[in-house]
Amino acid sequence: MDSVRTAKRLGADEATIVYRRGMAELPARAEEVHHAEQEGIRFELLVAPLEVLGDENRWSPGSGASAWSWANRTPPAGADPPRSRAPSS
């Protein structure tokens, strides 16, 4: 949470938390999540990487999430449905 909020404060156009579980399982305090949303942080929940792309030198062909392939996971029974949570206005 600290790193994504710092990236946004330092001028990142977009800053996104990508997490494989739902909001209820997010390892952050509720006030941290609230402040992150106010600062424009996006939340991509219930997603998991399919692959990490790179070359023989371990360099990825892009930066951030663009270097990953993501897939929505099927949530466990009773969990929130997969969703992208854009910052609140």
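The values are calculated or read from the model by the stated rules, or taken from the named source; none is laboratory data. Model, not experiment: these values are computed from the prediction. Cβ atoms come from the backbone with ideal geometry, glycine included; neighbour counts cover every protein chain shown.
Here are the numbers for this structure:
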{"item": "Test for Arg73: is it modelled with pLDDT under 90, surrounded by 14 or more Cβ atoms within 10 Å (Cβ to Cβ) and not polar (S, T, N, Q)", "result": "yes"}
{"item": "Top-ranked residue in region 43-57 [being part of a strand (DSSP E or B) and hydrophobic (A, V, I, L, M, F, W, C); ranked as farthest from Ser3 (Cα to Cα)]", "result": "Leu50"}
{"item": "Selection count where residues are surrounded by 12 or more Cβ atoms within 10 Å (Cβ to Cβ), modelled with pLDDT of 85 or more and not small (Gly, Ala, Ser), scope region 35-70", "result": "10"}
{"item": "Members of region 8-36 found to be closer than 11 Å to Leu46 by Cα and among the acidic types (Asp, Glu), listed by number", "result": "Glu25"}
